[in-house]
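**Student:** Here it is: the structure, laid out below.
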Amino acid sequence: MSKKITIVLVDDHAVVRAGVKRLLEQEPLFEVIGEAESGEKAYQLFGELNPDVMVMDLSMPGMGGLEAIRRILMRYEKARILVLSMHEDLSFANQALKLGAKGYLIKNTLGDDLVKSIQAISKGEVFLSDEIAKKIAMQSIDGDQDTIDTLSAREFEIFRLLAEGLEVEAIATTLNISSKTVSNYQTMIKQKLNINTPVELIRYAIKAGVIKN
């Protein structure tokens, strides 16, 4: 019998984790060996369990999925992470892939894709939802890079937290960096996106699909 593919699920909603786990456990090839409800816990569990594939949501309280991916891959460069997100906007997919995630699936297109993606990623291949793959293809054909894609992963995460209304000090605590560092990033973000006020920042974030209106 072939060795099972071990999986850790990361999502702050227990109902979502239960649903995904049920789908996965219908496959005799898969074994869910751990669950986490936050980026912090995901980082800790990866070190403890060393799964073949980690299935990661992006929008979670505290350290989000992007920051968790960044930290996990900095420490465990062979980690294979599949993003399972409700975000259909290319900005999130581009950031996750830039950080080294091996796949990006939209939550509403599960089913066969979930099984296929985990099998592909466990072999070191990359797997994208059709919707995301099309958008990436269109972007490269048009040659249009959205300004938001010029942000580094760390800048993008700070931009997202600012847009959600967090103060500089709270962001510093969440990301475990100094307030001064956050302020420096904030200045860089405003320059890159050509925004000057908190209201403009929120408008930009809504338009880019980073936060919901």
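The values are calculated or read from the model by the stated rules, or taken from the named source; none is laboratory data. Note that the structure is predicted; figures quoted are calculated from it, not measured. In this analysis, Cβ positions are derived from the backbone assuming ideal geometry, glycine residues included, and neighbour counts consider all displayed protein chains. Areas reflect the complete protein model, heavy atoms only, side chains present, ligands, DNA and RNA absent. Shrake-Rupley method; radii C 1.70, N 1.55, O 1.52, S 1.80 Å.
**Student:** Going by a ≥ b ≥ c, the root eigenvalues of the Cα gyration tensor, does the stretch 11-170 fall in the rounded group (a/c under 1.5), the prolate group (a/b larger than b/c) or the oblate group?
**Tutor:** Details: a/c = 1.66, a/b = 1.18, b/c = 1.40.
Oblate, because a/c is 1.5 or more while a/b does not exceed b/c.
**Student:** Tell me the carbon and sulfur percent of the accessible area for the chain, rounded to whole percent, probe radius 1.4 Å.
**Tutor:** Looking at the chain in its full context, I get 51 percent from C and S.
**Student:** Nearest 20 debye, what's the magnitude of the dipole of the chain about its Cα centre given +1 on Lys and Arg Cβ and -1 on Asp and Glu Cβ?
**Tutor:** 360 debye
**Student:** Past the 32 Å Cα-Cα mark, which pairs from Lys3/Lys212; Lys116/Lys212; Lys98/Lys190; Lys78/Lys135; Lys102/Lys207; Lys134/Lys212?
**Tutor:** Over 32 Å apart, Cα to Cα: Lys3/Lys212.
**Student:** Leaving out ligands and nucleic acids, and using a 1.4 Å probe, what accessible area per residue does the chain come to in Å²?
**Tutor:** Details: 10510 Å² over 213 residues.
Computed with neighbouring chains in place, this is 49 Å² per residue.
**Student:** Can you list the HN-Hα couplings for the stretch 125-136, worked out from phi with the Karplus curve (6.51, -1.76, 1.60; θ = phi - 60°), rounded to whole Hz and with x for Gly and Pro?
**Tutor:** 8, 9, 9, 10, 4, 3, 4, 5, 4, 5, 5, 5
**Student:** In addition: Can you tally the net charge around Leu193? Count Lys and Arg as +1, Asp and Glu as -1, for every other residue whose Cβ sits under 14 Å from the Cβ of Leu193.
**Tutor:** The answer is +1.
**Student:** Something else now. What does the charge count near Asn184 come to, summing +1 for each Lys or Arg and -1 for each Asp or Glu among other residues with Cβ under 14 Å from its Cβ?
**Tutor:** Here the count lands on +3.
**Student:** If you place +1 on the Cβ of every Lys and Arg and -1 on the Cβ of every Asp and Glu, how big does the dipole about the Cα centre of the stretch 1-104 come out, in debye to the nearest 20?
**Tutor:** The calculated dipole for the stretch 1-104 is roughly 380 debye.
**Student:** Apply the Karplus curve 6.51 cos²θ - 1.76 cosθ + 1.60, θ = phi - 60°, to the phi angles in the stretch 164-171 and return the couplings in whole Hz, x for Gly and Pro.
**Tutor:** Per residue, the Karplus-derived 3J(HN,Hα) values read 7, x, 6, 7, 3, 4, 5, 5 Hz.
**Student:** Here is a follow-up. Which of the listed residues, Leu161, Ile148, Ile177, is farthest toward the dipole's positive end in the stretch 130-199, when Lys, Arg count +1 and Asp, Glu count -1 at the beta-carbon?
**Tutor:** Ile177
**Student:** Ok, one more. For the stretch 1-88, rounded, prolate or oblate, judged on the Cα gyration tensor with a ≥ b ≥ c (square roots of eigenvalues), a/c < 1.5 rounded, else prolate if a/b > b/c?
**Tutor:** Judged from the Cα gyration tensor, the stretch 1-88 comes out oblate (a/c at least 1.5, b/c at or above a/b).
**Student:** Return the calculated 222 nm mean residue ellipticity for the chain, to the nearest 500 deg cm²/dmol, obtained by summing -39500 (n - 2.57) across DSSP H runs with n ≥ 4 and dividing by the residue count.
**Tutor:** So the calculated ellipticity at 222 nm is -16000 deg cm²/dmol.
**Student:** Sort 194-205, 33-44 by the packing proxy (mean of other Cβ within 10 Å over each peptide's residues), most packed first.
**Tutor:** 33-44, 194-205
**Student:** Between Ala137 and Arg203, what is the FRET efficiency for a Förster distance of 30 Å, r being their Cβ-Cβ separation, to the nearest 0.05?
**Tutor:** Details: r = 28 Å, r/R0 = 0.95.
Plugging the Cβ-Cβ distance into 1/(1 + (r/R0)^6) gives 0.60.
**Student:** Here's a follow-up. Within 10 Å, count the other beta carbons around each residue, average over each peptide in 174-181, 45-52, 62-69, and list them highest first.
**Tutor:** Ranking, from highest mean packing down: 62-69, 45-52, 174-181.
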